[in-house]
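Here the structure is laid out as structure tokens; the discussion comes afterwards.
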Amino acid sequence: MTYTLAATIALPWAEAVEKTRDALAEQGFGILTEIDVRATFEKKLGAEAADAVGDYVILGACNPALASRALAAEPQMGALLPCNVVVRRAKDADTTTVEAIDPQTMVQLSDAPSVKEVADDAGTRLRQALADLSEAANQETPG
């Protein structure tokens, strides 16, 4: 089963992270948390582990209106929030992968119809953010 929505973009690392933030913001998502996995690995496990994971950031994205609806329908959904969005790039790669948790995973854990509505809305917004990100990257890439 696929549990992520993904886009692969040919942008420099810092620009890919910035454009991911912008695309999420356009869809009403703010970033509540940011985990720099590479920096954590380097600090806790050493340079070799950091190099093995490459550039890797986890953004905790939240659309407050959707989160409010999900928590009102089922308070336990908070364990699945915020929506994690991974921006990762392997060492020596020329593309960056952006992956978001597919909100439909919530639907598999809940029978509440309103959770399905929230997941559908969140999925539409995340897919649009990834499509916009891909489009923005293609506009900056020659050819």
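The values are calculated or read from the model by the stated rules, or taken from the named source; none is laboratory data. The shown structure was predicted, so the numbers you read here are calculated from the model rather than taken from an experiment. Every residue, glycine as well, gets a Cβ built from its backbone with ideal geometry; the counts of neighbours run over all protein chains shown. Ligands, DNA and RNA are stripped out before the accessible areas are found, and what is left, the full protein with its side chains, is counted by its heavy atoms. Shrake-Rupley method; radii C 1.70, N 1.55, O 1.52, S 1.80 Å.
Among the residues making up segment 6-16, those that are outside any loop (DSSP other than H, G, I, E, B) and buried (at least 20 other Cβ atoms within 10 Å of the Cβ) are Ala7, Ile9, Ala16. Residue pairs whose Cβ atoms lie under 6 Å apart, sitting 6 or more positions apart in sequence or on different chains, and linking a residue in segment 47-73 that is in contact (Cβ under 8 Å) with a residue 12 or more places away in the chain to a partner that is among the small types (Gly, Ala, Ser) and in a strand (DSSP E or B), are Cys62/Gly30. Taking segment 100-123 as the range and being among the acidic types (Asp, Glu) and either in a helix (DSSP H, G or I) or over 28 Å from Tyr56 (Cα atoms) (or both) as the test, the residues that pass are Asp111, Glu117, Asp120, Asp121. Out of all the residues in segment 84-94, which are out of contact with any Asp or Glu (no Cβ under 7 Å at 6 or more places or on another chain) and either open to solvent by 40 Å² or more (accessible area, probe 1.4 Å) or among the acidic types (Asp, Glu) (or both)? Within segment 84-94, Asn84, Ala90, Asp92, Asp94 qualify. Look through segment 95-141, keep the residues that are of a type in the set (Ser, Thr, Tyr) and touching a residue at least 60 places away in the same chain (Cβ under 8 Å), and return whichever of them is surrounded by the fewest Cβ atoms within 10 Å (Cβ to Cβ). Checking each candidate, the answer is Thr141. For Leu24, the criteria (1) within 12 Å of the chain's Cα centre (by Cα); (2) modelled with pLDDT under 95; (3) among the hydrophobic types (A, V, I, L, M, F, W, C); (4) within 15 Å of Ala136 (Cβ to Cβ) hold in every case but one, which is (2).
Residue by residue through segment 19-36, note down the ones that are among the hydrophobic types (A, V, I, L, M, F, W, C) and out of contact with any Asp or Glu (no Cβ under 9 Å at 6 or more places or on another chain). It would help to see each step written out before you state the result.
Start the filter on segment 19-36 by keeping residues that are among the hydrophobic types (A, V, I, L, M, F, W, C), which leaves 23-25, 29, 31-32, 35.
Residues satisfying the conditions are Leu24, Ala25, Phe29, Ile31, Leu32, Ile35.
Scanning segment 17-60 for residues that are buried (at least 19 other Cβ atoms within 10 Å of the Cβ), part of a helix (DSSP H, G or I) and of a type in the set (Ser, Thr, Tyr) returns a single hit, Thr20.
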